[in-house]
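Please read the structure below before turning to the comments.
The values are calculated or read from the model by the stated rules, or taken from the named source; none is laboratory data. On a predicted model such as this, the values are computed, not experimentally measured, just so you know. Here the Cβ is made from the backbone with ideal geometry for all residues, glycine too, and neighbour counts use every protein chain on show.
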Amino acid sequence: MNLTLQSATIIASLYAAMLLNAGNNPTAANSDKGKIAERWAASVSAEQSGDFAEALNQAGAWMAASGDNYLGVLRAGWLNYSAQDYPKAAAYYAQAAKTQPTALTPLLGLLTVAQAMGDAEKIQSSADRVLKIEPTNYKALMAAGGALLARGDHRKARGFYARVLAIYPEDTDAQSGAAWCSFYLGDRREALKAFQAIAMVNPSYPFVQEGLDLSAH
């Protein structure tokens with residue numbers, strides 16, 4: 001059965017006391033560390049076989065034994081995401097982000113979950129949190145641009161795509177996003193130019209022909 005955060009924390013405290021006592025005995029301490037590592041390996045093995053429930057059990061046991069709440073909770077977030085239990089995944093990622101406020105991984109986890117759920121508002125808020133820490137993060141910039149484009153805020157969306165293109169001028173996805181923003185903003189000449197640039201490299205890119213046709217009229 002899965003360990004809740006509360007129960008895992010209680011068990012972790014008990015294990016911490018045991019490990020402190022074991023510290024006086026190097027042989028026992030090394031043995032305990034080996035057993036802790038076995039828990040992690042067992043979690044990875046269960047994940048690879050598709051048994052996410054067991055992977056979570058082992059991750060909870062590893063967290064309890066190691067006392068590392070951040071990494072254990074982070075892994076629980078990933079495993080729940082992999083099992084498509086998005087609400088639980090979001091809860092674990094949020095807890096990990098609270099434990100390490102400047103860590104990018106749990107924030108990117110929240111962004112990934114929001115994208116899987118199709119929640120535009122949470123996509124935007126998660127992307128904003130990532131960009132406060134790393135302003136050039138590709139995934140967050142593209143996610144923010146996509147969310148704003150879907151909501152019809154084409155000017156702001158184009159701004160995010162422009163930030164991507166300033167770093168990765170060759171990025172076709174950002175070129176396409178910016179092109180559609182230009183089109184919807186009425187700048188058909190700029191849109192046509194962008195769609196033509198895409199077509200010269202990848203004429204089968206999704207909707208590029210539609211973009212060419214619409215922008216040319």
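Counting only residues that are within 20 Å of LEU108 (Cβ to Cβ), buried (at least 21 other Cβ atoms within 10 Å of the Cβ) and not basic (Lys, Arg), how many does the stretch 57-77 have? Give the derivation first.
Within the stretch 57-77, the subset within 20 Å of LEU108 (Cβ to Cβ) is 59, 68-77.
Filter once more, so that each one left must be buried (at least 21 other Cβ atoms within 10 Å of the Cβ): 59, 72-77.
Next cut, not basic (Lys, Arg) only: 59, 72-74, 76-77.
Total satisfying the criteria: 6.
For (1) in the same structural domain as PHE183 (by TED's automatic domain parsing); (2) touching a Gly at 6+ places or on another chain (Cβ under 9 Å), each residue gets a yes or a no:
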site: GLY72; (1), (2): no, yes
site: ALA76; (1), (2): no, yes
site: GLN95; (1), (2): no, yes
site: PRO106; (1), (2): no, yes
site: VAL130; (1), (2): yes, no
site: PRO135; (1), (2): yes, no
site: TYR138; (1), (2): yes, no
site: MET142; (1), (2): yes, yes
site: GLY152; (1), (2): yes, no
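Find the helices (runs of 4 or more DSSP H) located wholly in the stretch 1-78 whose residues include 3 or more that are basic (Lys, Arg) and modelled with pLDDT of 50 or more, and list them. Reasoning before the result, please.
Details: elements: 5-22, 26-48, 52-66.
Here the list reads 26-48.
Acidic (Asp, Glu) and not in a helix (DSSP H, G or I) - does that describe any residue in the stretch 170-177? Give the derivation first.
Filtering the stretch 170-177 for residues acidic (Asp, Glu) gives 170-171, 173.
Pick out the ones that are also not in a helix (DSSP H, G or I) and you get 170-171.
Yes: the stretch 170-177 contains one or more residues that are acidic (Asp, Glu) and not in a helix (DSSP H, G or I).
Return the residues of the stretch 101-116 that are part of a helix (DSSP H, G or I) and loosely packed, with under 15 Cβ neighbours inside 10 Å; say none if nothing qualifies.
ALA116
Which of the residues spanning the stretch 198-217 are in a helix (DSSP H, G or I) and either basic (Lys, Arg) or surrounded by fewer than 17 Cβ atoms within 10 Å (Cβ to Cβ) (or both)?
Going through the stretch 198-217, the residues in a helix (DSSP H, G or I) turn out to be 198-201, 208-215.
Hits for the stretch 198-217 are ALA199, MET200, VAL201, GLN209, GLU210, ASP213, LEU214.
Given the conditions (1) in contact with a Phe, Trp or Tyr (Cβ under 6 Å, 6 or more places away or on another chain); (2) farther than 29 Å from SER82 by Cα, report the number of the one that VAL113 does not fulfil.
Going through the list (1) in contact with a Phe, Trp or Tyr (Cβ under 6 Å, 6 or more places away or on another chain); (2) farther than 29 Å from SER82 by Cα, VAL113 breaks only (2).
For the stretch 79-100, give me each residue that is part of a helix (DSSP H, G or I) and polar (S, T, N, Q).
Taking the stretch 79-100 as the starting set, the residues that turn out to be part of a helix (DSSP H, G or I) are 79-82, 86-99.
Hits for the stretch 79-100 are ASN80, SER82, GLN95, THR99.
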